[in-house]
1. Identify, by number, the condition in (1) modelled with pLDDT under 85; (2) of a type outside the set (Val, Ile, Thr); (3) open to solvent by 80 Å² or more (accessible area, probe 1.4 Å); (4) assigned to a helix (DSSP H, G or I) that Asn123 doesn't meet.
2. Can you find even one residue in the stretch 36-44 that is open to solvent by less than 50 Å² (accessible area, probe 1.4 Å), out of contact with any Phe, Trp or Tyr (no Cβ under 8 Å at 6 or more places or on another chain), at pLDDT 85 or above and not in a helix (DSSP H, G or I)?
3. Quick one: in the stretch 84-108, of everything that is outside any helix (DSSP H, G or I) and either touching a residue at least 12 places away in the same chain (Cβ under 8 Å) or not hydrophobic (A, V, I, L, M, F, W, C) (or both), which residue is least open to solvent (accessible area, probe 1.4 Å)?
4. Output the residue which, of all residues in the stretch 50-83 that are within 11 Å of the chain's Cα centre (by Cα) and of a type in the set (Phe, Trp, Tyr), is surrounded by the fewest Cβ atoms within 10 Å (Cβ to Cβ).
Amino acid sequence: MIKILKLVFISFIILFINYDNYNHIDKYNIPVDELCLIKNITGFPCPGCGMTRAHIEVLKLNFKRAFFYHPLFIFPSIIFFIVIFRKKLKIANYIYNNNFITISMLIIFIIVYIVRFVLLFPNTEPFTYNYNSKFYTVLKILINIIK
């Protein structure tokens with residue numbers, strides 16, 4: 001099982017290293033706004049918005065840019081490590097079973113989301129509004145009906 005996880009992890013690393021975030025629309029025909037289900041439906045960025053781009057920048061060793069895209073980009077890696085090694089390492093098991101640490105991480109995540117929303121929304125990537133979202137489309141239709 002661990003060998004399979006390692007193989008999957010290495011495959012994702014290779015994929016991200018080959019991923020060029022400036023030309024991704026030309027290569028994959030997937031705009032960034034369509035990658036996030038929340039942003040695609042509501043138009044608003046989700047709390048994890050920018051996390052993928054941050055990890056891509058980490059793999060390019062551009063930590064300053066990664067921190068710009070999402071300051072908590074290291075959290076998923078820590079959580080992944082804790083979940084995978086909770087039965088092998090005592091410290092990982094302790095963190096996994098400690099509700100205080102889990103709740104603290106959630107509170108930090110929410111606070112960072114609110115701060116980023118106030119400072120960056122709606123003009124700075126990755127916290128831009130998706131005007132092609134389903135919610136905005138329905139809202140435009142309703143406004144046209146009311147007029």
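1. (4)
2. no
3. Step one: list which residues in the stretch 84-108 are outside any helix (DSSP H, G or I), which gives 86-89, 98.
Going one step further and asking which of them are either touching a residue at least 12 places away in the same chain (Cβ under 8 Å) or not hydrophobic (A, V, I, L, M, F, W, C) (or both), we end up with 86-88, 98.
Numbers: Arg86: 65, Lys87: 174, Lys88: 145, Asn98: 29 Å².
Taking the candidates together, the pick is Asn98.
4. Restricting to residues being within 11 Å of the chain's Cα centre (by Cα) and of a type in the set (Phe, Trp, Tyr), the top hit is Phe75.
The values are calculated or read from the model by the stated rules, or taken from the named source; none is laboratory data. Note that the coordinates shown come from a computational prediction; the quantities given were computed from them, not determined experimentally. With ideal geometry, Cβ positions are generated from the backbone for all residues, glycine too; neighbour counts draw on all protein chains shown. Side chains included, ligands, DNA and RNA excluded: accessible areas come from the protein's heavy atoms. Shrake-Rupley method; radii C 1.70, N 1.55, O 1.52, S 1.80 Å.
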